[in-house]
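The values are calculated or read from the model by the stated rules, or taken from the named source; none is laboratory data. All values derive from a computational prediction rather than experimental measurement. Quick reminder, even Gly has a Cβ in these numbers, built from the backbone with ideal geometry, and neighbours come from all protein chains shown. Keep in mind that these areas ignore ligands, DNA and RNA; they rest on the heavy atoms of the full protein, side chains included. Shrake-Rupley method; radii C 1.70, N 1.55, O 1.52, S 1.80 Å.
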Amino acid sequence: MKTNKPSFLNKVKNIAKDTAAYLADGARNVPKEEFIRRAGICDSCVHFIHNQSTCGICGCWMDVKAKWRKSKCPKDKW
């Protein structure tokens, strides 16, 4: 499945929204095991852009977003 990447503006909005939620939550991360679980889901997702480590839906860097406690997968996979 080919994913249309979000526009630059939408990517910035998504990253800003998730960063604000992360900071409002006290910059808390999930436990290592949860990060590994989330990263595995992303890695096997058809929307994951492997050579950029980004989500093709929201445009976020998943090696960062998957660590943040308040972050959510845009497809509700985690």
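Tabulated values for the structure
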| item | result |
| --- | --- |
| Pairwise FRET efficiency - Phe8 versus Asn51, Cβ, R0 = 22 Å, nearest 0.05 | 0.75 |
| Debye, to nearest 20: dipole size of the chain, +1 on Lys, Arg Cβ, -1 on Asp, Glu Cβ | 160 debye |
| Under Karplus coefficients 6.51, -1.76 and 1.60, residue-wise ³J(HN,Hα) of segment 13-22 in Hz, glycine/proline x | 4, 5, 5, 5, 4, 5, 5, 4, 5, 4 |
| Semi-axes of the equivalent ellipsoid for segment 27-78, Cα gyration tensor, largest first, Å | 17, 11, 10 |
| Computed helical MRE - 222 nm, the chain, DSSP H runs ≥ 4 contributing -39500 (n - 2.57), nearest 500 | -13500 deg cm²/dmol |
| Solvent-accessible area per residue, Å², over the chain with all protein chains present [probe radius 1.4 Å] | 66 Å² |
| Nitroxide proxy distance, nm - points 7 Å out along Cα→Cβ at Trp61 and Lys77 | 2.0 nm |
| Accessible carbon and sulfur surface of the chain relative to its total accessible area, %, 1.4 Å | 57 percent |
